[in-house]
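S.K.: Pasting a structure here, questions to come.
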Amino acid sequence: MKKLDNKVVFITGGASGLGRAAALAAAEEGGQVVIADLPDSDYQATLDQLKAAGAEGFFMPLDVTDTANVQQAIAATVEKFGRLDVALNNAGIGEASVSFLDTSEASFQRVINVNLIGVFTCMKYELAQFVRQGGGVIVNMSSLAGLRGAPGLCGYAAAKHGVLGLTKTAALEFARHNVRVNALCPYYIDTPLLKHINPNQRQLLVASSPMKRLGRAEEVAKAFIHLASDDSSYTNGTQIVIDSGVTA
Ligand code: NAD
């Protein structure tokens, strides 16, 4: 018996980085994986990797900033599989590192729209489905920037703190419906999100890690499987920090 046998696992931002690694790990644990991502994302690469691993994945076009699209994507998933068991709300964007004073309203709003309001919207329709069917699991992708300040990234940090607020509130509201809601807080992980940082900045990030390396997407995926499965059946409203010891 695998940890996610026959579970329907809906992963936003599943076309790249942490979402892709989570999709592969979920399929390996027997899950039926839905890759929900932008139509112009690299979702085909995730589907190909799933296929190479002997699993079948399904692509669902999704822009988390479009409420009607979110509602429709979740409804279509339920229509196809009959239910939804696990949702990983992971779609997110980075933010150019500039001081608080130089952060434009437009840039702040963009990151809040995708990284916070997008998570709220997805949770709303996922939770409604979980109540209808009698249970489910949500894992939200926050960040270490959700637990402490991130100089140069005020919008990103505000969004990721907000994701933890959504996580804890939903955990308390929906525990009586057999729903668990938890979050992941990774430090810097080597994914395409870091593509805009220069080699110098990368060196600094590596040096700031007690293990002297960036994290790997697979290392976050393992924590996701823990929170998504019954391995964490009494864990609710909290987060797993994956940071090589930065906050120790
Ligand atoms: P990534 O850029 O590799 O993947 C992000 C995915 O989100 C992409 O497939 C992209 O198409 C999708 N996406 C972006 N906007 C979307 C939208 N509006 N609707 C639907 N999908 C959208 O980045 P990643 O590193 O895998 O990041 C995934 C999540 O992990 C993000 O929420 C990020 O903030 C968080 N995170 C990343 C790190 C890191 O160091 N990589 C650390 C902590 C938290």
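The values are calculated or read from the model by the stated rules, or taken from the named source; none is laboratory data. None of these values were measured; they are calculated from a predicted model. Because the Cβ atoms are built from the backbone with ideal geometry, glycine has one as well, and the counts that use them run over all protein chains shown. To get the accessible areas, we keep the full protein, side chains included, count just its heavy atoms, and leave off ligands, DNA and RNA. Shrake-Rupley method; radii C 1.70, N 1.55, O 1.52, S 1.80 Å.
S.K.: Here is a list: Leu47, Leu18. Which entry is touching a residue at least 12 places away in the same chain (Cβ under 8 Å), among the aliphatic types (A, V, I, L, M), out of contact with any helix residue (DSSP H, G or I) (no Cβ under 6 Å at 6 or more places or on another chain) and not in a loop (DSSP other than H, G, I, E, B)? Give the derivation first.
M.R.: Details: Leu18 fails: out of contact with any helix residue (DSSP H, G or I) (no Cβ under 6 Å at 6 or more places or on another chain).
After applying the criteria, what remains is Leu47.
S.K.: Can you pull out the residues in segment 19-36 that are under 22 Å from Tyr188 (Cβ atoms) and either open to solvent by 30 Å² or more (accessible area, probe 1.4 Å) or hydroxyl-bearing (Ser, Thr, Tyr) (or both)?
M.R.: Restricting attention to segment 19-36, the residues satisfying the condition of being under 22 Å from Tyr188 (Cβ atoms) are 19-25.
Hits for segment 19-36 are Arg20, Leu24.
S.K.: Go through segment 126-152 and give me each residue that's part of a helix (DSSP H, G or I), open to solvent by 20 Å² or more (accessible area, probe 1.4 Å) and either among the charged types (D, E, K, R) or under 15 Å from Val8 (Cα atoms) (or both). I'd like the intermediate steps shown before the answer.
M.R.: Initial filter on segment 126-152 (part of a helix (DSSP H, G or I)): 126-133, 144-146.
With open to solvent by 20 Å² or more (accessible area, probe 1.4 Å) added as a condition, the list becomes 128, 131-133.
Result: Arg132, Gln133.
S.K.: Moving on. Hey, Arg213 hits all of (1) open to solvent by 50 Å² or more (accessible area, probe 1.4 Å); (2) more than 18 Å from Gly17 (Cβ to Cβ) but one; which does it fall short on?
M.R.: Unmet condition: (2).
S.K.: Let me ask another. More than 15 Å from the ligand (Cβ to nearest atom), touching a strand residue (DSSP E or B) at 6+ places or on another chain (Cβ under 6 Å) and under 23 Å from Leu193 (Cα atoms): which single residue out of Val9, Val33 fits that description? Lay out the reasoning, then the answer.
M.R.: On the way: Val33 fails: more than 15 Å from the ligand (Cβ to nearest atom).
One residue alone meets the criteria, Val9.
S.K.: What's the number of the condition Leu144 fails, among (1) modelled with pLDDT of 95 or more; (2) more than 20 Å from Ile240 (Cβ to Cβ)?
M.R.: For Leu144, the failing item is (2).
Conditions tested, residue by residue: (1) open to solvent by 70 Å² or more (accessible area, probe 1.4 Å); (2) more than 9 Å from the ligand (Cβ to nearest atom).
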residue	(1), (2)
Leu38	yes, no
Leu47	no, yes
Leu84	no, yes
Ala87	no, yes
Ser99	no, yes
Val114	no, no
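S.K.: Would you confirm whether or not segment 165-180 contains a residue that is part of a helix (DSSP H, G or I), touching a Leu at 6+ places or on another chain (Cβ under 7 Å) and surrounded by 13 or more Cβ atoms within 10 Å (Cβ to Cβ)? Reasoning before the result, please.
M.R.: Initially, segment 165-180 is screened for residues part of a helix (DSSP H, G or I), giving 165-177.
From the residues that got through so far, the ones that are touching a Leu at 6+ places or on another chain (Cβ under 7 Å) too are 170, 174.
Within this subset, residues satisfying the condition of being surrounded by 13 or more Cβ atoms within 10 Å (Cβ to Cβ) are 170, 174.
Taking every residue of segment 165-180 in turn, at least one turns out to be part of a helix (DSSP H, G or I), touching a Leu at 6+ places or on another chain (Cβ under 7 Å) and surrounded by 13 or more Cβ atoms within 10 Å (Cβ to Cβ).
S.K.: Scan (1) assigned to a helix (DSSP H, G or I); (2) surrounded by 15 or more Cβ atoms within 10 Å (Cβ to Cβ); (3) free of Cβ contacts under 8 Å to residues at least 60 places away in the same chain for the single condition Asp63 breaks and write down its number.
M.R.: (1)
S.K.: Still on this model: Do the conditions hold for Ala52, that is, is it closer than 21 Å to Ala223 by Cα and not aromatic (Phe, Trp, Tyr)? Full working, then the answer.
M.R.: On the way: closer than 21 Å to Ala223 by Cα: no; not aromatic (Phe, Trp, Tyr): yes.
For Ala52, the condition - closer than 21 Å to Ala223 by Cα and not aromatic (Phe, Trp, Tyr) - is not met.
S.K.: Related question: Name the one entry in Tyr188, Tyr156, Tyr234 that is open to solvent by 70 Å² or more (accessible area, probe 1.4 Å) and in contact with a helix residue (DSSP H, G or I) (Cβ under 9 Å, 6 or more places away or on another chain).
M.R.: Within the list Tyr188, Tyr156, Tyr234, the selection yields Tyr188.
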